Amino acid sequence: RFDRARQACNSLRNRYTSSYAVYDMDMHEKEVYSAKLLEDFDRALAEKQLQVLYQPKYNIKGKEPTLASAEALISWQHPQFGRVRPDAFIPLFEENGLIQRLDRYVWREAARQIRVWKDKIGYTVPVSVNVSRVDMYDANIVYTLLEILEESKLEPGDLHLEVTESAYAEDAEQIIETVKRLRSMGFLVEMDDFGTGYSSLNMLSSLPIDVLKLDMKFISTAFSEGKDTHMLEIIIEIARHISVPVVAEGVETEEQMTALKNIGCDMVQGYYFSPPVPAEKFEVCLQEARRKQAAKE
Ligand code: C2E
Ligand code: MG
Ligand code: MG
(Lines give C-alpha, C1' and ligand atoms only; values in the text may rest on other atoms or scores of the structure.)
(Ligands and ions follow the chains in the order given, each with its own letter.)
Protein backbone atom coordinates (compact mmCIF):
# COMPACT_ATOMS: atom_id res chain seq x y z
CA ARG A 1 0.00 0.00 0.00
CA PHE A 2 2.81 2.30 0.84
CA ASP A 3 4.54 1.65 -2.51
CA ARG A 4 1.35 2.26 -4.42
CA ALA A 5 0.57 5.44 -2.55
CA ARG A 6 4.07 6.65 -3.25
CA GLN A 7 3.73 5.82 -6.91
CA ALA A 8 0.47 7.74 -7.16
CA CYS A 9 2.17 10.60 -5.37
CA ASN A 10 5.16 10.52 -7.74
CA SER A 11 2.82 10.77 -10.71
CA LEU A 12 1.99 14.29 -9.51
CA ARG A 13 5.52 15.52 -9.95
CA ASN A 14 5.67 18.52 -12.25
CA ARG A 15 1.90 18.59 -12.52
CA TYR A 16 0.97 21.78 -10.82
CA THR A 17 -2.73 21.70 -11.54
CA SER A 18 -3.67 18.58 -9.50
CA SER A 19 -3.16 18.11 -5.82
CA TYR A 20 -4.07 14.44 -5.53
CA ALA A 21 -3.76 11.21 -7.51
CA VAL A 22 -5.35 7.78 -7.23
CA TYR A 23 -3.54 4.50 -7.79
CA ASP A 24 -5.85 2.93 -10.38
CA MET A 25 -5.89 0.02 -12.82
CA ASP A 26 -4.11 2.13 -15.42
CA MET A 27 -1.21 2.80 -13.12
CA HIS A 28 -1.17 -0.81 -12.05
CA GLU A 29 -0.98 -2.08 -15.61
CA LYS A 30 1.85 0.29 -16.45
CA GLU A 31 3.73 -0.89 -13.39
CA VAL A 32 3.27 -4.54 -14.30
CA TYR A 33 4.34 -3.84 -17.89
CA SER A 34 7.50 -2.03 -16.77
CA ALA A 35 8.34 -4.77 -14.29
CA LYS A 36 7.93 -7.37 -17.04
CA LEU A 37 10.24 -5.48 -19.43
CA LEU A 38 12.90 -5.21 -16.72
CA GLU A 39 12.56 -8.87 -15.85
CA ASP A 40 12.77 -9.96 -19.49
CA PHE A 41 15.88 -7.97 -20.40
CA ASP A 42 18.44 -10.73 -19.75
CA ARG A 43 16.50 -13.25 -21.72
CA ALA A 44 15.97 -10.73 -24.55
CA LEU A 45 19.73 -10.28 -24.83
CA ALA A 46 20.43 -14.00 -24.71
CA GLU A 47 17.72 -14.86 -27.23
CA LYS A 48 18.56 -12.04 -29.64
CA GLN A 49 15.15 -10.39 -29.33
CA LEU A 50 17.07 -7.13 -29.29
CA GLN A 51 18.16 -6.22 -32.77
CA VAL A 52 20.26 -3.28 -33.91
CA LEU A 53 18.74 -1.44 -36.87
CA TYR A 54 20.50 1.09 -39.08
CA GLN A 55 18.98 4.26 -40.49
CA PRO A 56 20.92 6.10 -43.21
CA LYS A 57 21.81 9.78 -43.07
CA TYR A 58 22.25 11.42 -46.44
CA ASN A 59 24.39 14.38 -47.32
CA ILE A 60 22.22 16.73 -49.39
CA LYS A 61 24.78 19.44 -50.15
CA GLY A 62 25.67 18.27 -53.64
CA LYS A 63 23.59 17.76 -56.76
CA GLU A 64 22.54 14.30 -55.68
CA PRO A 65 22.13 13.01 -52.10
CA THR A 66 25.01 10.78 -51.01
CA LEU A 67 25.10 8.27 -48.16
CA ALA A 68 27.05 9.91 -45.32
CA SER A 69 26.56 7.70 -42.27
CA ALA A 70 24.00 5.68 -40.33
CA GLU A 71 22.42 5.71 -36.90
CA ALA A 72 22.21 2.48 -34.91
CA LEU A 73 18.83 2.15 -33.19
CA ILE A 74 17.73 -0.67 -30.92
CA SER A 75 14.57 -2.61 -31.62
CA TRP A 76 12.94 -5.16 -29.31
CA GLN A 77 10.86 -7.99 -30.73
CA HIS A 78 9.18 -9.19 -27.55
CA PRO A 79 7.60 -12.69 -27.62
CA GLN A 80 4.51 -11.47 -25.78
CA PHE A 81 4.14 -7.79 -26.65
CA GLY A 82 5.45 -7.80 -30.22
CA ARG A 83 7.63 -4.87 -31.23
CA VAL A 84 8.32 -2.64 -28.24
CA ARG A 85 9.42 0.90 -29.11
CA PRO A 86 12.61 2.20 -27.50
CA ASP A 87 10.66 5.06 -25.93
CA ALA A 88 8.86 2.45 -23.82
CA PHE A 89 11.99 0.96 -22.29
CA ILE A 90 14.93 3.39 -22.65
CA PRO A 91 13.70 5.79 -19.90
CA LEU A 92 12.85 2.77 -17.74
CA PHE A 93 16.31 1.27 -18.22
CA GLU A 94 17.88 4.63 -17.46
CA GLU A 95 16.13 4.65 -14.12
CA ASN A 96 17.00 1.08 -13.28
CA GLY A 97 20.61 0.93 -14.32
CA LEU A 98 20.17 -1.47 -17.24
CA ILE A 99 20.85 1.18 -19.87
CA GLN A 100 24.59 0.81 -19.67
CA ARG A 101 24.41 -2.87 -20.49
CA LEU A 102 22.01 -2.18 -23.34
CA ASP A 103 24.16 0.60 -24.78
CA ARG A 104 27.33 -1.44 -24.58
CA TYR A 105 25.54 -4.22 -26.41
CA VAL A 106 24.53 -1.80 -29.18
CA TRP A 107 27.99 -0.20 -29.44
CA ARG A 108 29.69 -3.61 -29.60
CA GLU A 109 27.19 -4.93 -32.12
CA ALA A 110 27.53 -1.84 -34.34
CA ALA A 111 31.33 -2.10 -34.20
CA ARG A 112 31.22 -5.78 -35.08
CA GLN A 113 28.93 -4.98 -38.01
CA ILE A 114 31.18 -2.20 -39.34
CA ARG A 115 34.08 -4.66 -39.28
CA VAL A 116 31.97 -7.19 -41.26
CA TRP A 117 31.18 -4.52 -43.87
CA LYS A 118 34.80 -3.42 -44.11
CA ASP A 119 35.95 -6.98 -44.69
CA LYS A 120 33.10 -8.02 -46.94
CA ILE A 121 32.58 -5.01 -49.20
CA GLY A 122 35.72 -3.04 -48.53
CA TYR A 123 33.58 -0.01 -47.86
CA THR A 124 31.61 1.45 -44.98
CA VAL A 125 30.29 4.70 -43.51
CA PRO A 126 30.57 5.87 -39.91
CA VAL A 127 27.78 4.61 -37.65
CA SER A 128 26.52 6.79 -34.83
CA VAL A 129 25.37 5.19 -31.62
CA ASN A 130 23.22 6.73 -28.93
CA VAL A 131 24.98 7.44 -25.66
CA SER A 132 22.60 7.73 -22.72
CA ARG A 133 23.09 10.50 -20.17
CA VAL A 134 23.79 7.73 -17.66
CA ASP A 135 26.80 6.58 -19.71
CA MET A 136 28.15 10.11 -19.67
CA TYR A 137 28.59 9.94 -15.89
CA ASP A 138 30.57 6.71 -16.12
CA ALA A 139 34.23 7.45 -15.52
CA ASN A 140 35.21 4.46 -17.68
CA ILE A 141 33.27 5.43 -20.78
CA VAL A 142 36.31 6.38 -22.87
CA TYR A 143 38.09 3.18 -21.94
CA THR A 144 34.99 1.06 -22.71
CA LEU A 145 34.58 2.63 -26.15
CA LEU A 146 38.25 2.24 -27.01
CA GLU A 147 38.12 -1.40 -25.96
CA ILE A 148 35.12 -2.00 -28.21
CA LEU A 149 36.94 -0.36 -31.14
CA GLU A 150 39.97 -2.48 -30.52
CA GLU A 151 37.96 -5.71 -30.46
CA SER A 152 36.76 -4.95 -33.98
CA LYS A 153 39.97 -3.26 -35.12
CA LEU A 154 38.29 0.09 -35.79
CA GLU A 155 39.28 3.74 -35.43
CA PRO A 156 37.38 6.32 -33.33
CA GLY A 157 36.22 7.92 -36.61
CA ASP A 158 34.18 4.80 -37.39
CA LEU A 159 31.80 5.32 -34.46
CA HIS A 160 30.04 8.64 -33.95
CA LEU A 161 28.40 9.36 -30.63
CA GLU A 162 24.96 10.94 -30.18
CA VAL A 163 24.39 12.70 -26.89
CA THR A 164 20.95 14.15 -26.28
CA GLU A 165 20.72 17.88 -25.74
CA SER A 166 18.78 17.46 -22.50
CA ALA A 167 21.81 15.73 -20.95
CA TYR A 168 23.80 18.94 -21.37
CA ALA A 169 21.14 20.83 -19.47
CA GLU A 170 21.32 18.53 -16.44
CA ASP A 171 24.90 18.89 -15.44
CA ALA A 172 26.51 20.87 -18.20
CA GLU A 173 29.99 20.96 -16.68
CA GLN A 174 30.33 17.24 -16.14
CA ILE A 175 28.87 16.38 -19.56
CA ILE A 176 31.09 18.92 -21.32
CA GLU A 177 34.12 17.47 -19.55
CA THR A 178 33.27 13.96 -20.79
CA VAL A 179 32.53 15.21 -24.31
CA LYS A 180 35.92 16.91 -24.37
CA ARG A 181 37.65 13.71 -23.32
CA LEU A 182 35.82 11.73 -26.00
CA ARG A 183 36.64 14.27 -28.69
CA SER A 184 40.28 14.37 -27.70
CA MET A 185 40.39 10.62 -28.35
CA GLY A 186 39.10 11.26 -31.87
CA PHE A 187 35.38 10.56 -31.43
CA LEU A 188 32.94 12.78 -33.24
CA VAL A 189 30.09 13.93 -30.98
CA GLU A 190 26.65 14.83 -32.32
CA MET A 191 24.15 16.73 -30.23
CA ASP A 192 20.90 14.76 -30.54
CA ASP A 193 17.33 16.08 -30.29
CA PHE A 194 18.40 19.71 -30.40
CA GLY A 195 15.44 21.89 -29.49
CA THR A 196 13.96 19.61 -26.84
CA GLY A 197 16.29 20.58 -24.00
CA TYR A 198 16.98 23.95 -22.54
CA SER A 199 20.42 24.91 -23.73
CA SER A 200 20.27 28.53 -24.70
CA LEU A 201 21.38 29.69 -28.12
CA ASN A 202 24.03 31.64 -26.30
CA MET A 203 25.51 28.42 -24.92
CA LEU A 204 25.59 26.76 -28.33
CA SER A 205 28.76 28.45 -29.47
CA SER A 206 30.66 27.36 -26.37
CA LEU A 207 29.58 23.72 -26.43
CA PRO A 208 32.13 21.23 -27.73
CA ILE A 209 30.08 19.51 -30.47
CA ASP A 210 30.78 18.39 -34.02
CA VAL A 211 27.26 18.03 -35.41
CA LEU A 212 23.84 19.40 -34.50
CA LYS A 213 20.87 17.06 -34.93
CA LEU A 214 17.63 19.00 -35.08
CA ASP A 215 14.80 17.26 -33.30
CA MET A 216 12.05 16.08 -35.61
CA LYS A 217 9.56 18.39 -33.94
CA PHE A 218 11.29 21.24 -35.75
CA ILE A 219 10.56 19.57 -39.05
CA SER A 220 6.95 18.63 -38.29
CA THR A 221 6.20 22.11 -36.92
CA ALA A 222 7.91 23.94 -39.76
CA PHE A 223 6.00 21.96 -42.35
CA SER A 224 2.63 21.78 -40.63
CA GLU A 225 -0.31 23.81 -41.88
CA GLY A 226 0.65 27.40 -42.57
CA LYS A 227 4.19 26.27 -43.28
CA ASP A 228 6.72 28.42 -41.48
CA THR A 229 10.38 27.51 -41.87
CA HIS A 230 11.64 30.69 -40.26
CA MET A 231 12.86 29.06 -37.04
CA LEU A 232 14.64 26.37 -39.02
CA GLU A 233 16.40 28.96 -41.14
CA ILE A 234 17.58 30.86 -38.08
CA ILE A 235 18.95 27.76 -36.33
CA ILE A 236 20.73 26.60 -39.48
CA GLU A 237 22.19 30.08 -39.90
CA ILE A 238 23.51 30.02 -36.33
CA ALA A 239 24.98 26.55 -36.85
CA ARG A 240 26.69 27.76 -40.01
CA HIS A 241 28.05 30.75 -38.14
CA ILE A 242 29.77 28.45 -35.63
CA SER A 243 30.76 26.01 -38.41
CA VAL A 244 28.76 23.05 -37.14
CA PRO A 245 27.00 20.89 -39.75
CA VAL A 246 23.27 20.28 -39.25
CA VAL A 247 21.36 17.00 -39.58
CA ALA A 248 17.56 17.19 -39.84
CA GLU A 249 15.78 14.18 -38.34
CA GLY A 250 12.34 12.86 -39.20
CA VAL A 251 12.31 14.07 -42.81
CA GLU A 252 9.42 12.27 -44.44
CA THR A 253 8.62 14.01 -47.73
CA GLU A 254 10.36 15.31 -50.82
CA GLU A 255 8.97 18.78 -50.12
CA GLN A 256 10.68 18.80 -46.72
CA MET A 257 13.93 17.52 -48.18
CA THR A 258 14.03 20.15 -50.93
CA ALA A 259 13.14 23.00 -48.59
CA LEU A 260 15.85 21.90 -46.13
CA LYS A 261 18.38 21.73 -48.92
CA ASN A 262 17.44 25.25 -50.00
CA ILE A 263 17.93 26.68 -46.54
CA GLY A 264 21.38 25.11 -46.23
CA CYS A 265 20.81 22.00 -44.13
CA ASP A 266 23.74 19.60 -44.59
CA MET A 267 22.30 16.18 -43.87
CA VAL A 268 18.94 14.48 -43.67
CA GLN A 269 17.68 11.38 -41.87
CA GLY A 270 14.14 10.07 -42.07
CA TYR A 271 11.51 7.91 -43.69
CA TYR A 272 11.85 9.87 -46.95
CA PHE A 273 15.09 7.99 -47.54
CA SER A 274 14.59 4.97 -45.32
CA PRO A 275 13.25 3.82 -41.93
CA PRO A 276 15.72 2.05 -39.62
CA VAL A 277 16.46 -1.32 -41.28
CA PRO A 278 18.30 -4.54 -40.37
CA ALA A 279 22.00 -4.76 -41.25
CA GLU A 280 21.42 -6.94 -44.35
CA LYS A 281 19.14 -4.32 -45.81
CA PHE A 282 21.45 -1.43 -44.97
CA GLU A 283 24.17 -3.30 -46.77
CA VAL A 284 22.26 -2.65 -50.02
CA CYS A 285 22.61 1.13 -49.41
CA LEU A 286 26.33 0.62 -48.78
CA GLN A 287 26.81 -1.39 -51.97
CA GLU A 288 25.02 1.28 -53.97
CA ALA A 289 27.07 4.08 -52.39
CA ARG A 290 30.22 2.17 -53.16
CA ARG A 291 29.21 1.69 -56.81
CA LYS A 292 28.45 5.39 -57.17
CA GLN A 293 31.76 6.31 -55.65
CA ALA A 294 33.64 3.91 -57.90
CA ALA A 295 31.86 5.35 -60.95
CA LYS A 296 33.03 8.83 -59.99
CA GLU A 297 36.65 7.79 -59.59
P1 C2E B 1 16.65 9.32 -31.67
O2 C2E B 1 18.07 8.96 -31.36
O3 C2E B 1 16.33 10.76 -31.87
O4 C2E B 1 16.29 8.46 -32.95
C5 C2E B 1 15.45 8.85 -33.98
C6 C2E B 1 14.07 8.23 -33.84
O7 C2E B 1 13.24 8.77 -34.88
C8 C2E B 1 14.02 6.73 -34.05
O9 C2E B 1 12.96 6.24 -33.25
C10 C2E B 1 13.63 6.61 -35.52
O11 C2E B 1 13.03 5.39 -35.85
C12 C2E B 1 12.65 7.74 -35.64
N13 C2E B 1 12.49 8.24 -37.02
C14 C2E B 1 13.45 8.27 -37.97
N15 C2E B 1 13.00 8.81 -39.10
C16 C2E B 1 11.72 9.18 -38.87
C17 C2E B 1 10.70 9.83 -39.67
O18 C2E B 1 10.91 10.20 -40.82
N19 C2E B 1 9.49 10.05 -39.08
C20 C2E B 1 9.25 9.68 -37.80
N21 C2E B 1 8.03 9.91 -37.31
N22 C2E B 1 10.16 9.05 -37.01
C23 C2E B 1 11.39 8.82 -37.55
P24 C2E B 1 13.15 4.98 -32.31
O25 C2E B 1 13.92 3.90 -32.99
O26 C2E B 1 11.77 4.65 -31.82
O27 C2E B 1 14.03 5.54 -31.14
C28 C2E B 1 13.53 6.50 -30.23
C29 C2E B 1 14.62 7.01 -29.30
O30 C2E B 1 15.09 5.98 -28.44
C31 C2E B 1 15.88 7.48 -30.03
O32 C2E B 1 15.68 8.75 -30.53
C33 C2E B 1 16.90 7.41 -28.93
O34 C2E B 1 16.83 8.55 -28.11
C35 C2E B 1 16.44 6.21 -28.13
N36 C2E B 1 17.27 5.05 -28.50
C37 C2E B 1 17.11 4.18 -29.54
N38 C2E B 1 18.08 3.23 -29.53
C39 C2E B 1 18.88 3.51 -28.46
C40 C2E B 1 20.06 2.90 -27.90
O41 C2E B 1 20.61 1.92 -28.40
N42 C2E B 1 20.58 3.49 -26.76
C43 C2E B 1 20.02 4.60 -26.19
N44 C2E B 1 20.60 5.11 -25.10
N45 C2E B 1 18.95 5.20 -26.70
C46 C2E B 1 18.37 4.66 -27.81
MG1 MG C 1 19.87 9.48 -31.83
MG1 MG D 1 17.13 12.48 -32.25
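With contributions of -39500 (n - 2.57) from each DSSP H run of at least four residues, the per-residue ellipticity at 222 nm computed over the chain stands at -15500 deg cm²/dmol. Normalised by 2.2 N^0.38 Å, where N counts its residues, the alpha-carbon radius of gyration of segment 67-161 equals 1.14. With the charge dipole of the chain set up from +1 on Lys and Arg Cβ and -1 on Asp and Glu Cβ about the Cα centre, the Cα lying farthest toward the positive end among the listed residues Ala295, Tyr198, Ala8 is that of Ala295. Protein heavy-atom surface of segment 101-211, 1.4 angstrom probe: 50% of the accessible area is carbon and sulfur, with nucleic acids and ligands not counted. Other residues with beta-carbon under 10 Å from the beta-carbon of Met216 carry, at +1 per Lys or Arg and -1 per Asp or Glu, a net charge of -2. When the square roots of the Cα gyration tensor eigenvalues are ordered a ≥ b ≥ c, the ratio a/c for segment 145-297 is 1.5 or more and a/b does not exceed b/c, which makes its shape oblate.
Ligands, DNA and RNA are left out, and with a 1.4 angstrom probe the accessible area of the chain is 54 Å² per residue. Note that the chain carries a Kirkwood radius of 20.9 Å, evaluated over its alpha carbons pair by pair. Other residues with beta-carbon under 12 Å from the beta-carbon of Gly62 carry, at +1 per Lys or Arg and -1 per Asp or Glu, a net charge of +3. Peptides 20-26, 35-41 ranked from most to least packed give 35-41, 20-26, packing being the mean of other C-beta atoms within 10 angstrom over each peptide's residues. Across segment 143-206, counting alpha-carbon atoms alone, Rg and Dmax equal 13.1, 40 Å. Only one residue of Ile263, Val284, Thr229 has its Cα farthest out toward the positive end of the dipole of segment 177-297, where Lys and Arg carry +1 and Asp and Glu -1 on Cβ, and that residue is Val284.
Here is the tail figure for segment 215-284: Cα pairs spaced more than 18 Å apart come to 38 percent of all pairs. Note on segment 49-106: the C-alpha convex hull projects to 5.2 nm² when averaged across all orientations.
Note on segment 1-40: Cα convex hull, mean projected area over all directions, 3.2 nm².
The values are calculated or read from the model by the stated rules, or taken from the named source; none is laboratory data. Quick caveat: nothing in here was measured; it's all calculated off a predicted structure. Please note: Cβ atoms are built from the backbone with ideal geometry, for glycine as well, and neighbour counts cover all protein chains shown. The protein model used for the area step is the full one, side chains on, heavy atoms only, and it has no ligands, DNA or RNA in it. Shrake-Rupley method; radii C 1.70, N 1.55, O 1.52, S 1.80 Å.
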